[in-house]
Amino acid sequence: MRVRKVIDGVSEKVMCSVTAAVSFLVVLIAAGLYLKARPIMEITPIKELLTSSSWHPLKGEFGFYPFLMGTFWVTFLAMIFAIPICLLCSIYISEYAPRKMRDVIKPLIDLLAGIPSVVYGVFGVLAVVPLIRDTAHRINISTTGYSVLAGGIVLAIMVFPIIISVSVEVIQSVPYEARESSLSLGATQWQTVKKVVLKKAFPGIVAAIILGFSRAFGETMAVLMVVGNVPQVPHSIFEEAYPLTALIANNYGEMLSVPLYDSALLLGALILLLIVLLFSMAARLILMRGGR
Amino acid sequence: MYHITIKGLNVSYGNHHVLKNVSLEIPRNKITVIIGPSGCGKTTLLKSLNRLLELQEGVRISGSVLVDDESVYDPKVDVTELRKKMGLLSQRPYPLPMSIFDNVAYGPRIHGTRKRKKLNEIVEKNLRAAGLWEEVKDRLKSPAASLSIGQQQRLCLARCLAVSPEIILCDEPTSALDPFSAQKIEETLSELKTDYTIVVVTHNLRRARRLADYVGFIFLGELIEHGGKKDIFENPKDERTRRYISGESYL
């Protein structure tokens, strides 16, 4: 009898400490990054680090602006492509598709989420980059194809499953009575979707988009393979860019003999972490308010 | 003379035969109450009239429903026009996620009324008809969800009246309400019957007695008998009807 109780008590404590350790990881990572990034922030003011465009590690100049812009443009473009497509897709799956079709399509889309990102990168290099190069040449724009546009397209495809599966979930959770009330007044199905269902599902859809955004924002491998990695502020979607994630992945561990280089890269990592944390907290907040 | 004529209506969900060969005439500008125990097909019957039923997956419907001698299930029928003609008041009120005003104006707007003045008129007139105007006239802009459930049901009634239906279908319209709100809805329905044909589904016999002009009794998917209120309540022909009305067990 006593043994059972002891096991019961111990098992609870074990699970509790494991959970605590896992949740503490976020704090630990953030703190570690901060400590490592401190040296460079002590030498150069953070404002200058964020707004300067000159990236000359050997001269001790670490301007993050081009990389921030690279990340921003690639992510922004990806969201522009992904949002309308995902919305139309989610609405179709949840409101129009017959159940049998839904049962086939949804797992298929969820499969996209399971493809390793390096595979998306290869797909980008083999299909998207040449397509952009050839199409651009036809309209007299010279580009290698490795570009913000290529990054945007590949990222958009990668966030489809996230945005779609959360949105479908959210739209399906709108009570049937909402549709019935609208339809019984003689509204068409599209009017019902547009004016009642989407309105009800709106906070959840925003949260889905933010989740997708966070994924796109932090994605490294696939992007680094298709954006060209030239440290410049891109002026058109056909130019190369160099997102922050790619910078860190390409250089960390290789150029660490350069003074302050590793501190600079970890500052980049800290910035990424903070922005993603901010967005996922925003998503949580919006979902909570919508749930009320 | 009859507004709605149902002939040989059969409905089944998968293998479950819900309505069995139901035939019923519903007179114009009267309240027809369909009574019967829960789960015997009353709601199904109601929703087969405005074709909301066919939205359910795996439902099969056969037989005919005529409204003004036109077949509801004719492929040529514009289903949005049909539904506009038949307002629906469901068991639990479901205000649309918008303001009180917009809830009532929703129907007229989707059917193309844009002018603010006209909409104001429609909203006031129908909120009055539903007996809610005095309570909400100062807060038409507040969300409909802020109303009490009884007020919400009257709002739903106003919303359904706003598209000028000819028929009002009520599915247990008062069962979720407190007695006071329930009485208000019932009084409103009794007033409305001069202009509308009303079909009410309920398992509450007292309510049925108060409201009904005509009564139909459904039991296990079959329409056992129907007729004037007096005939059914005082002189039922079928044993099952008699037992149900007198509150005896069904067997």
> Got a number for residues in region A:94-127 being touching a helix residue (DSSP H, G or I) at 6+ places or on another chain (Cβ under 8 Å) and within 14 Å of chain B (Cβ to nearest Cβ)?
Replying inline: 5
>> List pairs: first residue in region A:37-56 and among the polar types (S, T, N, Q), second residue open to solvent by less than 50 Å² (accessible area, probe 1.4 Å) and in a helix (DSSP H, G or I) anywhere in the structure, Cβ distance under 6 angstrom, at least six positions apart or on different chains.
In response: A:S53/A:P66
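Looking at B:G58, is it under 30 Å from A:S94 (Cα atoms), in contact (Cβ under 8 Å) with a residue 12 or more places away in the chain and either of a type in the set (D, E, K, R) or surrounded by fewer than 17 Cβ atoms within 10 Å (Cβ to Cβ) (or both)? Give the derivation first.
Working: under 30 Å from A:S94 (Cα atoms): yes; in contact (Cβ under 8 Å) with a residue 12 or more places away in the chain: yes; either of a type in the set (D, E, K, R) or surrounded by fewer than 17 Cβ atoms within 10 Å (Cβ to Cβ) (or both): yes.
Taking the combined requirement at face value, the residue satisfies it.
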> Here are some conditions: (1) under 29 Å from the mean Cα position of the chain (by Cα); (2) open to solvent by 80 Å² or more (accessible area, probe 1.4 Å). A:A37 meets all but one. Which one does it not meet?
Replying inline: (2)
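Tally time: how many residues in region B:232-248 are open to solvent by 80 Å² or more (accessible area, probe 1.4 Å) and free of Cβ contacts under 8 Å to residues at least 12 places away in the same chain? Don't jump to the end; show me each part of the working.
We begin by selecting, within region B:232-248, every residue open to solvent by 80 Å² or more (accessible area, probe 1.4 Å); these are B:234-235, B:237, B:239-240, B:242.
When the remaining residues are screened for being free of Cβ contacts under 8 Å to residues at least 12 places away in the same chain, the result is B:234-235, B:239, B:242.
Residues flagged as open to solvent by 80 Å² or more (accessible area, probe 1.4 Å) and free of Cβ contacts under 8 Å to residues at least 12 places away in the same chain within region B:232-248 amount to 4.
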>> Taking the conditions exactly as written (closer than 26 Å to B:T174 by Cβ and either in a strand (DSSP E or B) or away from every other protein chain (no Cβ under 14 Å) (or both)), does B:K141 satisfy them or not?
In response: no
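With respect to B:V65, is the statement that it is of a type in the set (A, V, I, L, M) and open to solvent by less than 10 Å² (accessible area, probe 1.4 Å) true? I'd like the intermediate steps shown before the answer.
Values: of a type in the set (A, V, I, L, M): yes; open to solvent by less than 10 Å² (accessible area, probe 1.4 Å): yes.
So B:V65 passes the test.
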>> Within region A:231-244, does at least one residue satisfy the condition of being in a helix (DSSP H, G or I) and away from chain B (no Cβ under 14 Å)?
In response: yes
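Here's the yes/no breakdown for (1) within 14 Å of chain A (Cβ to nearest Cβ); (2) touching a Ser or Thr at 6+ places or on another chain (Cβ under 9 Å):
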residue: B:E135; (1), (2): no, no
residue: B:Q153; (1), (2): yes, yes
residue: B:L157; (1), (2): yes, yes
residue: B:E186; (1), (2): no, yes
residue: B:R210; (1), (2): no, yes
> Quick check: is even one residue across region A:200-207 over 21 Å from the mean Cα position of the chain (by Cα), within 14 Å of chain B (Cβ to nearest Cβ) and not in a helix (DSSP H, G or I)?
Replying inline: no
> Restricting to region B:74-123, what's the tally of residues that are hydroxyl-bearing (S, T, Y) and open to solvent by 70 Å² or more (accessible area, probe 1.4 Å)?
Replying inline: 0
>> So in region B:65-123, with the set limited to residues that are under 17 Å from the mean Cα position of the chain (by Cα) and assigned to a loop (DSSP other than H, G, I, E, B), which one is farthest from the other protein chains (Cβ to nearest Cβ)?
In response: B:V72
>> Can you tell me how many residues within region B:124-138 are open to solvent by 60 Å² or more (accessible area, probe 1.4 Å) and assigned to a helix (DSSP H, G or I)?
In response: 5
> Of all residues in region A:80-130 being within 21 Å of the chain's Cα centre (by Cα) and of a type in the set (S, T, Y), which is least open to solvent (accessible area, probe 1.4 Å)?
Replying inline: A:S90
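The values are calculated or read from the model by the stated rules, or taken from the named source; none is laboratory data. Everything quoted here is computed from the prediction, not taken from an experiment. Glycine also receives a Cβ, built like all others from the backbone with ideal geometry; neighbour counts cover every protein chain displayed. Areas reflect the complete protein model, heavy atoms only, side chains present, ligands, DNA and RNA absent. Shrake-Rupley method; radii C 1.70, N 1.55, O 1.52, S 1.80 Å.
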